[in-house]
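Enquirer: Structure in structure tokens, see below.
Just so you know, all these numbers are worked out from the coordinates, no wet-lab data involved. From a predicted model like this one, the values you see are computed outputs, not experimental measurements. Note: ideal-geometry Cβ built from the backbone for every residue, glycine included; neighbour counts use all protein chains shown.
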Amino acid sequence: MKKIKKIKIKLNGKITTIIDKITLAELINDLKIPLKKVAIELNKEIIDKNKIRKLKLKNNDVIEIVHFIGGG
Amino acid sequence: MSECAKAIKLSGADIVTVAVRRVNISDKNKPLLMDYIDPKKITYLPNTAGCFTSDDALRTLRLAREIGGWKLVKLEVLGDKKNLFPEMIETLKSTEVLTKEGFKVMVYCNDDPLMAKRLENAGASAIMPLAAPIGSGLGILNKVNIKIIRKQTKLPLIIDAGLGQASDATIAMELGCDGVLVNTAIAKAKKPFEMAKAFKYAVIAGRQSFCSGRINKTIMGKPSSPIKGTI
């Protein structure tokens with residue numbers, strides 16, 4: 001049986017293990033995050049949400065997913 | 001969250017400031033702000049509360065624009081963890097950058113008329129001087145400066161931070177301000193809903209008073225009834 005390769009990413013400050021070659025869109029989908037209500041940063045760069053289906057994640061990628069909370 | 005939404009409704013506020021924070025990945029059932037406060041009914045104003053550098057503030061607001069597509073933002077760059085005063089050099093630099101990127105920037109600043117002018121020249125969309133340190137509840141400490149800023153600018157002038165009770169909002173409006181930004185004075189009041197209502201009426205009263213043109217001050221008494229016909 002072929003072993004599934006895994007990679008480590010940093011997701012919202014936490015080291016997380018995911019399957020290799022997964023796209024950012026697949027990750028967001030797996031996490032059940034409402035895409036319309038968040039912004040995503042990959043390695044300190046803001047990601048265009050229309051392009052996440054083509055973005056494959058790499059080992060050591062740093063991802064921040066943020067949303068609005070009350071506060072001023 | 002529902003209490004917050006209720007207080008906002010009672011206060012009659014048009015704008016609510018929001019902060020950009022990490023999504024809770026492990027507990028996705030946590031309620032979202034947008035589920036309680038409809039961004040179509042009240043203007044969300046993303047802000048950089050808690051940022052101490054220009055870089056952090058810029059990063060936050062660029063992310064905010066990505067979330068909602070809003071160009072109207074509130075910039076706040078703090079300089080001191082104890083008094084939470086704004087770091088005005090960084091604030092001015094950030095205002096310039098954000099304006100060039102197409103943002104409409106409402107700027108939290110100190111109550112210095114010269115700095116307020118520089119922010120205006122840098123393209124700020126609104127001037128938001130503090131009344132007193134954030135969360136201090138001291139009310140407007142320098143009315144003269146606020147009046148000077150009012151005289152020199154046609155931009156929206158909003159008192160941001162330091163108000164403690166409803167009458168402080170009335171004073172701000174009587175000085176000619178266009179609005180007030182209130183959090184702690186309502187949120188930490190013993191009866192937040194009642195205080196939210198009090199602020200609503202205080203703002204209306206202050207605005208009407210300002211627009212009505214107050215009488216001149218004199219140090220001598222003037223009879224308020226006619227002397228003619230006295231028996």
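Enquirer: Can you compute the helix-only [θ] at 222 nm over chain A? Use -39500 (n - 2.57) per DSSP H run of at least 4 residues, normalise by all residues, nearest 500 deg cm²/dmol.
Expert: Details: 1 runs with 7 residues, N = 72.
When only DSSP H runs of four or more count, the value is -2500 deg cm²/dmol.
Enquirer: Next up: Using only Cα atoms, locate the centre of segment B:1-54 and the centre of segment A:41-72, then give the distance between them in Å, rounded to an integer.
Expert: 20
Enquirer: B:ILE42: net charge of surrounding residues, Cβ under 10 Å, Lys/Arg +1, Asp/Glu -1, itself excluded? Could the numbers behind the result be given before it?
Expert: Details: positive: B:LYS9, B:LYS40, B:LYS41; negative: B:ASP14, B:ASP38.
Computed value for this residue: +1.
Enquirer: How do A:PHE68, B:PHE193 line up, fewest other C-beta atoms within 10 Å first?
Expert: Working: A:PHE68 24, B:PHE193 15.
Result, fewest neighbours first: B:PHE193, A:PHE68.
Enquirer: Considering only DSSP beta bridges where both residues belong to the protein assembly as shown, give the percentage that are antiparallel (nearest 5). Numbers along the way, then the final one.
Expert: On the way: 19 of 39 bridges.
Looking only at bridges with both residues in the protein assembly as shown, the antiparallel portion is about 50 percent.
Enquirer: Okay, next question. Only residues of segment B:162-184 count here: report those whose backbone N is under 16 Å from the spot 7 Å along Cα→Cβ of B:TYR201, or say none.
Expert: Counting only backbone N, you get B:165-171.
Enquirer: Need the full-extension length gain, B:PHE85 to B:LYS190, defined as separation in residues times 0.36 nm minus the C-alpha distance. One decimal, nm. Kindly include the intermediate steps, with their values, before the conclusion.
Expert: Details: separation 105, 0.36 × 105 = 37.80 nm, distance 2.64 nm.
Contour length minus the Cα-Cα distance gives 35.2 nm.
Enquirer: Based only on other Cβ atoms within 10 Å, what is the fewest-to-most ordering of A:ILE19, A:ILE69, B:ILE146?
Expert: Numbers: A:ILE19 13, A:ILE69 16, B:ILE146 24.
Arranged by neighbour count, lowest to highest, A:ILE19, A:ILE69, B:ILE146 become A:ILE19, A:ILE69, B:ILE146.
Enquirer: With the crude spin-label approximation of a point 7 Å out along Cα→Cβ, what separation in nm comes out for B:ASP38 versus B:LYS93?
Expert: Here the answer is 4.3 nm between the modelled labels.
Enquirer: Let me test this: with uniform point scatterers at the alpha carbons of the protein assembly as shown, what is the Debye-based log₁₀ I(q)/I(0) at q = 0.07 1/Å?
Expert: Debye output, listed in q order: -0.35.
Enquirer: Say R0 is 35 Å: what FRET efficiency, to the nearest 0.05, do A:GLU45 and B:LYS9 get from their beta-carbon distance? Don't jump to the answer; show the numbers that get you there.
Expert: Values: r = 38 Å, r/R0 = 1.09.
That gives a FRET efficiency of 0.35.
Enquirer: In terms of modelled amide H atoms, which long-range or inter-chain residues lie less than 5 Å from the amide H of B:CYS109?
Expert: B:MET128, B:LEU130
Enquirer: Also, I was wondering about something else. Just for the Cα atoms in chain B, what are the lengths along the principal axes, largest first, rounded to whole Å?
Expert: 84, 39, 33
Enquirer: Find the percent of Cα-Cα distances in segment A:6-67 that exceed 13 Å, and round it to a whole number.
Expert: Numbers: 1108 of 1891 pairs.
Roughly 59 percent, rounded to a whole number.
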